[in-house]
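Everything below concerns the one structure shown next.
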Amino acid sequence: ERSRVALDDIRRHFKLVKRPEVKAKEAKRRFWGEAFMDDDIDLNDGAQPSASKKRKKGNGQLSLDTIMGVQVASVGPISPLEDFKAMVKRRDVDLVDKAVAEMQIQINKLVQESVQQSYYNKAMECLQLLRTACVQYDEAFTFNAFLHQLKRDCRGRLHTAFWERIVALKLTLISMDEFDDVEITFEEAQAFLVDDDDDPMELSAPQSPLASEPESENNSDDHDADSLFKQIE
């Protein structure tokens, strides 16, 4: 009897309440690489990360260089566009000159090693990126010299089709409209693309007065010889 009274007293003070049923969560298999792409995961306790700790989502690709923390230091043949962009954007060291020089090498390789224009598209993308960067990073003279070299190597030769693409896209020399220190006008830059014009600066170059002197001297000598023969006769 005394136990029953004590049990009733406990029941009055501590009422039992039935909890609602909770649906069991399905186990989800996750791979190691997915952890780097998920903004909702916290390696400490699985809690929702704060706004200050959230990483920005990239393009969904996790490269080996990103994992290893490797800094790009050269423009390679596999991904020259990405390599070039990474090099010119580096702030710990100035690699702009090196990137520009190595991009020229890759463009030449892509053009010269193309079979039936197989690498022309990639080479053109590299050339367009190189031109944009050369305007931005004060390398206009370097780009103009390189474009002259491409014209000499491609036009009228095995890869003349690549030069024709450059002309079709009007991808010409950097003029003074884009870079103040350049002395090439917009009109001269456009004339550079014309097939029978090798150098726009040559179009307005005055003829040297020395160039006509030998011809006049020769004519004078011929006239003197004719007069001498007439006197003999």
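The values are calculated or read from the model by the stated rules, or taken from the named source; none is laboratory data. Everything numeric in this text was worked out from a predicted model, so none of it was measured. Cβ: placed from backbone, ideal geometry, glycine included. Neighbour counts: every protein chain shown. Calculation scope for accessible area: heavy atoms of the full protein, side chains included, ligands and nucleic acids excluded. Shrake-Rupley method; radii C 1.70, N 1.55, O 1.52, S 1.80 Å.
Things to note:
- For the set K122/K151; K85/K122; K85/K151, the pairs lying more than 23 angstrom apart at their alpha carbons are K85/K151.
- Ordered from highest to lowest accessible area with the whole protein assembly present and a 1.4 Å probe, E183, E139, E178 read as E183, E178, E139.
- Gain on full stretching of the segment that runs from R155 to N121 - 0.36 nm per residue minus C-alpha separation: 10.5 nm
- Note on R4: accessible area approximately 150 square angstrom, rounded to 10, probe 1.4 Å, nucleic acids and ligands left out.
- Cβ-derived FRET efficiency at R0 30 Å, F186 paired with A73, nearest 0.05: 0.25
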